[in-house]
Structures are given as structure tokens and as C-alpha cells.
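Participant: Dropping a structure here in C-alpha cells format, bear with me for questions.
Since every read-out is calculated from the coordinates, none of them should be taken as a lab result. Keep in mind it's a predicted model, so treat the numbers as computed, not measured. Counting neighbours? That spans all protein chains shown, and the Cβs are built from the backbone with ideal geometry, glycine included.
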Amino acid sequence: MATWTWPDDCVDSRPEPAPKMDGADLDRGLGAPANQPAPKAKTKTLEAAHDAAPFHWHQYLKESVVGSAVYFDEGNGSSVTK
């Protein structure tokens with residue numbers, strides 16, 4: 001079986017491996033000094049539901065708070081017949 005390699009003249013379009021991430025960029029972006037630990041995320045789930053014949057509706061939203069920033073991680077909702 002033949003092995004495919006990038007042509008030498010395609011150096012600019014050759015994919016580079018992603019650098020290993022250690023979270024340092026996130027710490028700098030949050031403004032944390034290098035000698036202090038990164039702030040911890042506080043996660044909570046907000047939920048709402050309602051019964052209205054002939055349906056049951058449910059929705060949730062997971063959020064994380066890191067310092068003064070709020071991140072919406074995941075949300076979903078559905079309405080099903082009873």
C-alpha cells in the first residue's frame with residue numbers, strides 16, 4: 001500500500017499539530033497572577049417545567065460562574081404528550 005505525503009511546495013497548507021494546552025492562557029485571560037491558583041468554577045443547573053394538557057414541558061440550563069464571568073455550558077428543552 002502506498003503512503004501519501006504532503007508535496008514539498010505545499011508547506012503553507014500543511015496542517016500543524018495543535019500545541020499542548022495547560023490552561024495558562026485561560027489564567028492570563030482571567031487576569032490571575034501567575035503565583036495564585038486559578039479561580040474555581042461554580043456550576044449550577046436552572047430548571048423549569050410546566051404541565052398543560054395534553055403536554056408536559058421541561059427545560060434546563062447549566063451555567064458555570066468563574067470569578068465574575070458567567071458561562072452557559074449546556075441547555076435543552078422538550079415538550080412531550082402525557
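Participant: Taking 0.36 nm per residue of separation and subtracting the Cα-Cα distance, what length does fully extending Lys44 through Ser68 add? The partial results should precede the final answer.
Facilitator: Working: separation 24, 0.36 × 24 = 8.64 nm, distance 1.48 nm.
The Lys44-Ser68 span can extend by a further 7.2 nm.
Participant: A follow-up question, please. Can you work out the Karplus-derived ³J(HN,Hα) for every residue in the range 43-55? Use 6.51 cos²θ - 1.76 cosθ + 1.60 with θ = phi - 60°, whole Hz, and x for glycine or proline.
Facilitator: Once θ is set to phi - 60°, the couplings for the range 43-55 become 10, 9, 10, 9, 10, 9, 8, 8, 9, 9, 3, x, 10 Hz.
Participant: Using the Cα centre as the reference, give the magnitude of the dipole from point charges on the C-beta atoms of the range 40-82 (Lys, Arg: +1; Asp, Glu: -1; all else neutral), rounded to the nearest 20 debye. Let's see the in-between values first.
Facilitator: Values: 5 positive and 5 negative charges, 31 e Å.
Computed charge dipole of the range 40-82: roughly 140 debye.
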